[in-house]
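Derivation of every value follows stated rules applied to the coordinates shown; laboratory data play no part. These figures come from a predicted structure and were not determined experimentally. So basically every Cβ, Gly included, is an ideal-geometry build from the backbone, and we count neighbours across all protein chains shown.
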Amino acid sequence: MSSENYHIDRALLDRLREGDRQAFKALFDKYGVRLYHFAFKYLREKEDAEDLLHEVFLKIWENRENLRSDSSFQSYLFTIAYNNIRQRFLKKSREEKYIQVFAEEYMVSSAKNEDDLDYHFFLRKFNELIDLLPPRRKEIFVLRYKEEKKSGEIAEQLNISEQFVKKQLSIARRFVIDKMKEDNDLAGVLFLYLFAAQTPD
């Protein structure tokens, strides 16, 4: 960072610590696009990169009184972003490991008792959770996993973007999985993954 940029950032940070919203906006305008592209490089999803961008700057605003103007704001900003990305990957890794471990345990136990997983029971519970989704999200989810349509086909049928379809499917899957986890329904979580795996995109 050039000496001029350093002094500009320092002045903006001094104002930001006092709650100056214009200074905050100036920093967002200066670094927002670069931070978005940095996030997108790793996350590969437009919505995820935008979420990260907003989370990082929200943290900057909430922590504004403790910001230091004697060090590089750019380095501080991208360090927060990097840690956020790292936490997202760690969370995803833990969830995948959780499913894998349970799946392995289930396969061992089901070899001893084929009736361990009551398909119809979980299908009924699965449908009950789907009914809790907002109408549009439910419609997309049903088209994907019950009618086995691909994301592109759903987008064309409903006259919406394919990216929107994928985002809604991701939110719906997370909702159902979280509900099953709340009930400590490990078999139900596995059921959803097995059910979803039957209709690859």
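So which of Lys125/Lys150; Lys91/Lys146; Lys41/Lys125; Lys41/Lys150 end up more than 30 Å apart, counting from Cα to Cα?
Beyond 30 Å between Cα atoms: Lys41/Lys125.
Would you list the P(r) distribution for the range 1-93, with all Cα-Cα distances sorted into 5 Å bins from 0 and each bin expressed as a whole %?
3, 14, 25, 24, 17, 11, 6, 1, 0
Looking at the P(r) of the range 34-81, how many percent of alpha-carbon pairs lie beyond 18 Å?
30
What residues of the range 38-60 lie in the reach of a label at Ile8, counting those whose backbone N is under 20 Å from a point 7 Å from the Cα along Cα→Cβ?
38, 57, by backbone N distance to the label point.
Quick one: check the C-alpha center-to-center distance for the range 36-54 versus the range 72-89, whole angstrom.
After rounding, the separation between the Cα centres reads 12 Å.
Once phi is turned into ³J(HN,Hα) by the Karplus curve 6.51 cos²θ - 1.76 cosθ + 1.60 with θ = phi - 60°, what whole-Hz value does each residue of the range 37-51 show in order, with x for glycine and proline?
So the Karplus estimates, Gly and Pro as x, are 5, 4, 5, 5, 4, 9, 7, 6, 10, 4, 5, 5, 5, 5, 4 Hz.
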